[in-house]
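What follows is a single structure, written as C-alpha cells, with notes after it.
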Amino acid sequence: MSEYKKYLREMDKGNYALALTLLDTEIQKTPDNPELLYNFAICCSRTDNHKKCLSILEDLLARFERFIERDNIYRLMIYSLIHLREYQKALDLTDERLKVNVGDLKLLSFRAHILEKLGKIPEALQIHRNILKIQPDYKNSLNSVAYLISISPNPSKQDLAEAVDCIKKALSRDPNNPAYLDTFGVILKLQGKNKEAKRAFQKAISCSKKVYSIILEHLQELL
C-alpha cells in the first residue's frame with residue numbers, strides 16, 4: 001500500500017497523529033500538492049494545532065486559487081479561529097463568506113456559536129431558530145436552541161417547552177450523543193425533574209469516549 005493511501009486510512013480511523021507523520025513524508029516529496037497540504041491542515045486541526053492549521057490554509061489559499069476545497073478551507077479556518085478564541089476574526093471571516101454563500105447552514109451555525117462566545121445569547125438563539133425554519137431536523141441547531149434557552153436568564157414555560165421539543169428531536173436522531181444528553185439533563189433540572197436529569201447525565205457520561213468535566217459538574221449538582 002502506498003504512503004498516500006496509508007495516510008487516508010489512518011485519517012479514516014481517527015489516527016491523526018500518525019497520519020501527520022505519513023503526510024509529512026509525502027509533502028517532502030511533493031511540496032506543491034494542495035490535496036496533501038489540505039489534509040495535513042485537517043490533521044493539525046484534529047490534533048489541536050490550530051495555529052499550524054491556519055498557517056497551512058492561508059498558504060493554500062494564496063498559492064492554489066482554484067483548489068476545489070476552497071469553501072471547506074474557509075470553514076476550517078473559522079473553526080480554528082474559534083478554538084484559538086479569536087472570535088472577532090472568526091466572525092469577520094464568517095460574515096465575509098456568508099456574502100458568497102448566502103444561507104450556508106454551517107456558516108450560520110458558526111456565526112451563532114461565535115455570538116454565543118461573545119455573550120450575545122439572544123442573537124445566537126435567533127440564528128439557530130432561523131436555521132430550523134430552513135431545515136427543521138438540523139441537529140446542531142436543535143441542540144443549540146435547547147442549550148441557549150437553558151442558559152438564558154429566567155426562561156419562560158413556553159421557552160422551556162420549546163427547548164424540550166428541540167432536544168427530544170435531536171435525541172431522536174442521535175440518542176447517544178453526550179452533548180445532547182447533557183442539554184436534556186439541564187432542561188429537565190430546570191423543570192424540577194431531578195431524577196430524570198440525573199439519568200440523562202449518567203447516560204451522557206456512559207456514552208462519552210472521554211470524561212467531560214461539565215457533564216460531571218452537572219451530575220454532581222444533583223448528588
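The values are calculated or read from the model by the stated rules, or taken from the named source; none is laboratory data. For clarity, every value in this text was computed on a predicted model and none was experimentally measured. Counting neighbours? That spans all protein chains shown, and the Cβs are built from the backbone with ideal geometry, glycine included.
For this structure, a couple of remarks:
- Residue among Leu22, Leu61 that is out of contact with any Pro (no Cβ under 6 Å at 6 or more places or on another chain), in a helix (DSSP H, G or I), over 29 Å from Lys120 (Cβ atoms) and without any contact (Cβ under 8 Å) to a residue 40 or more places away in the chain: Leu22
- Note on segment 64-77: among residues that are outside any helix (DSSP H, G or I) and of a type outside the set (A, V, I, L, M), the one that is nearest to Ala41 (Cα to Cα) is Glu69.
- Scanning segment 109-116 for residues that are among the hydrophobic types (A, V, I, L, M, F, W, C), at pLDDT 95 or above and within 18 Å of Ser150 (Cβ to Cβ) turns up at least one hit.
- Cβ-Cβ contacts under 9 Å between residues 6 or more apart (or on different chains), taken from a first residue in segment 118-140 that is under 20 Å from Leu181 (Cα atoms) to a second residue that is small (Gly, Ala, Ser) and in a loop (DSSP other than H, G, I, E, B), are listed as Leu125/Ser152.
- Ile56 in a helix (DSSP H, G or I), more than 30 Å from Asp159 (Cα to Cα), modelled with pLDDT of 95 or more and touching a Cys at 6+ places or on another chain (Cβ under 7 Å): yes
- Qualifying positions in segment 78-104 - of a type in the set (Gly, Ala, Ser) and either in a helix (DSSP H, G or I) or under 18 Å from Ala41 (Cα atoms) (or both): Ser80, Ala90
- Long-range neighbours under 6 Å by Cβ, at least six apart or interchain, first residue free of Cβ contacts under 8 Å to residues at least 40 places away in the same chain and over 13 Å from Thr183 (Cα atoms) within segment 203-223, second among the polar types (S, T, N, Q) and in a helix (DSSP H, G or I): Leu222/Asn194
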